[in-house]
Amino acid sequence: MLRRLAITTLATAAALVVAAAPASAEPSAGEVADALNSSHVYVDPDVTDVSASDADLMSQAAENVDTPVYFVVVPEGEFTSQAELGSFMADVQQDVGDGSYLVFVGDTTAADSTVLSPSDVAAAESAAQRMSTVPDAAVAFANEAESQADAAAASGVFGMVLLGLFVLAIAGTGFFLYRSKKNREAREARELEEVKKTVTEDVVRLGEDIARLDLDLGAADEATRTDYTNAMNSYDRAKAELETIRRADEIQRVTNALEDGRYYMTATRARLAGDPVPERRAPCFFNPQHGPSVRDVDWAPPGGTPRSVPVCRACANDVLSGAHPDVRMVEAGGRRVPYYDAGPAYAPYAGGYFGMDMMMGMFTGMMLGNMMGSMMGAGMLGAGMGDYGGDGGGFGDFGGDGGGFGDFGGGGFDGGDFGGFGDF
């Protein structure tokens with residue numbers, strides 16, 4: 001009976017017996033490919049136990065099946081290593097094309113296929129190895145390859161039927177998803193327009209505040225010049241970031257720069273007035289345009305739980321006296337609402353001003369629309385917003401399993417990338 005060219009196990013790799021080198025030169029890949037293209041069979045001239053009639057029988061077996069099969073017969077010792085054989089057959093296959101290949105090296109075999117699965121080509125090679133002669137092995141290989149190809153084709157037809165049913169079943173879902181995508185894109189475009197309009201107003205207001213100061217830098221001390229310069233740099237950064245915004249969740253970069261700028265303007269005015277520079281605090285909760293807060297007060301929205309929120313002096317007086325503070329109103333869905341009740345699109349707007357820790361303290365437990373749901377789910381604060389401070393903070397086998405020549409299984413000969421063939 002024929003045997004595989006090499007057997008690789010987890011424990012050992014059996015070495016192949018090497019015969020004396022052939023008397024004549026090795027055939028070229030082109031010669032082998034020409035023979036296979038002509039008759040599906042190549043028999044090396046040095047092989048003496050396969051006659052011309054045997055070769056005709058092998059050729060007839062290949063032509064009698066619909067799936068392309070090819071046979072190569074070479075004497076034992078023709079190749080010195082698995083890599084050499086694999087590289088040679090890769091060149092042959094490149095000229096011949098797809099098909100199932102059975103190579104006889106002396107009384108051993110190796111097989112692979114680009115049209116059959118690894119298990120199917122293994123079954124075909126196993127059928128060949130049960131035969132005692134090369135012609136019989138070739139016939140058995142061709143017949144089994146045809147049988148496996150037919151079974152795969154039948155399975156493919158069944159799969160196509162299932163696929164058709166699946167396509168019909170999801171057609172309605174696909175249309176729904178398409179409409180949902182279009183609706184989502186339209187909503188996101190509208191939200192982006194609304195939020196950009198809001199933050200543009202904030203940028204303009206900071207610019208006007210800086211311009212009104214009309215500071216003579218030459219007459220100011222170094223600390224004052226530094227704070228004023230930081231305020232102008234923050235304003236420039238906010239304008240630059242605003243130009244790059246493509247999604248509503250990117251607005252936080254702008255409001256983060258605005259928070260910096262407003263603090264530095266507060267510090268500048270304090271220095272000019274000869275007052276102590278105030279500590280770095282979060283902006284006024286009710287309206288970040290008011291600048292840094294001066295204290296915390298307890299406040300609750302209608303129907304919500306009281307929470308401590310940072311407020312400016314004017315808003316603190318309003319809350320403590322029972323009046324309505326000056327709340328930052330924004331446009332959301334065609335309505336003017338407080339920014340903290342404007343829904344998910346405004347979560348990044350608030351996040352750039354207040355940071356993650358502050359947002360959790362102020363908003364958790366409040367009935368403020370869907371803002372916190374957006375922040376937690378969409379990860380808009382994922383960049384990690386830092387503490388208030390500094391100048392911006394930022395969000396702060398060729399055998400055993402029938403696969404054949406290493407990778408010469410299912411994907412065709414891949415010369416040089418063969419495993420388990422061993423040296424001759």
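The values are calculated or read from the model by the stated rules, or taken from the named source; none is laboratory data. Since the model is a prediction, treat every value here as computed from it, not as a measurement. Virtual Cβ from ideal backbone geometry, glycine too; neighbours counted across all protein chains shown.
Put simply, of Ser113, Ser132 the only residue that is surrounded by fewer than 20 Cβ atoms within 10 Å (Cβ to Cβ), out of contact with any Pro (no Cβ under 8 Å at 6 or more places or on another chain) and either not charged (D, E, K, R) or not assigned by TED's automatic domain parsing to the domain that holds Pro27 (or both) is Ser132. Please indicate, with yes or no, whether at least one residue in the stretch 98-109 is assigned by TED's automatic domain parsing to the domain that holds Ala29, closer than 19 Å to Asp34 by Cα and at pLDDT below 85. The answer is no; no qualifying residue exists. Taking every residue in the stretch 264-277 that is among the small types (Gly, Ala, Ser) and pairing it with any residue that is not in a helix (DSSP H, G or I), at least 6 positions away or on another chain, the pairs with Cβ-Cβ distances below 8 Å are Ala267/Val277; Ala267/Pro278; Ala270/Pro276; Ala270/Val277; Ala270/Pro278. Does at least one position in the stretch 38-48 carry a residue that is assigned to a helix (DSSP H, G or I), at pLDDT 90 or above and small (Gly, Ala, Ser)? Within the stretch 38-48 (the criterion being assigned to a helix (DSSP H, G or I), at pLDDT 90 or above and small (Gly, Ala, Ser)), the answer is yes, since at least one residue qualifies. Of the residues that make up the stretch 204-218, is at least one surrounded by fewer than 16 Cβ atoms within 10 Å (Cβ to Cβ), of a type in the set (A, V, I, L, M) and closer than 16 Å to Pro288 by Cβ? The answer is yes; a qualifying residue exists. Among residues of the stretch 120-144 being outside any helix (DSSP H, G or I) and hydroxyl-bearing (Ser, Thr, Tyr), the one that is modelled with the lowest pLDDT is Ser132.
Looking across Thr244, Thr224, one residue alone is crowded, with 18+ Cβ neighbours inside 10 Å and either outside the structural domain of Met329 (by TED's automatic domain parsing) or modelled with pLDDT under 95 (or both). It is Thr224. Summed over the stretch 145-176, residues that are closer than 19 Å to Met58 by Cα and either among the acidic types (Asp, Glu) or at pLDDT below 70 (or both) total 1. Of the residues in the stretch 71-85, at least one is among the polar types (S, T, N, Q), surrounded by 24 or more Cβ atoms within 10 Å (Cβ to Cβ) and at negative phi.
The single condition from (1) buried (at least 16 other Cβ atoms within 10 Å of the Cβ); (2) of a type outside the set (Ser, Thr, Tyr); (3) at pLDDT 85 or above that Glu279 fails is (1). With respect to being buried (at least 20 other Cβ atoms within 10 Å of the Cβ), under 45 Å from the mean Cα position of the chain (by Cα), within 16 Å of Arg328 (Cβ to Cβ) and among the β-branched types (Val, Ile, Thr), Thr255 fits the description.
For the stretch 38-79, a residue qualifies if it is under 43 Å from the mean Cα position of the chain (by Cα) and over 16 Å from Glu146 (Cβ atoms), but none of them does. Is the stretch 117-130 home to any residue that is of a type in the set (Asp, Glu) and under 20 Å from Asp150 (Cα atoms)? Yes, because at least one residue in the stretch 117-130 is of a type in the set (Asp, Glu) and under 20 Å from Asp150 (Cα atoms).
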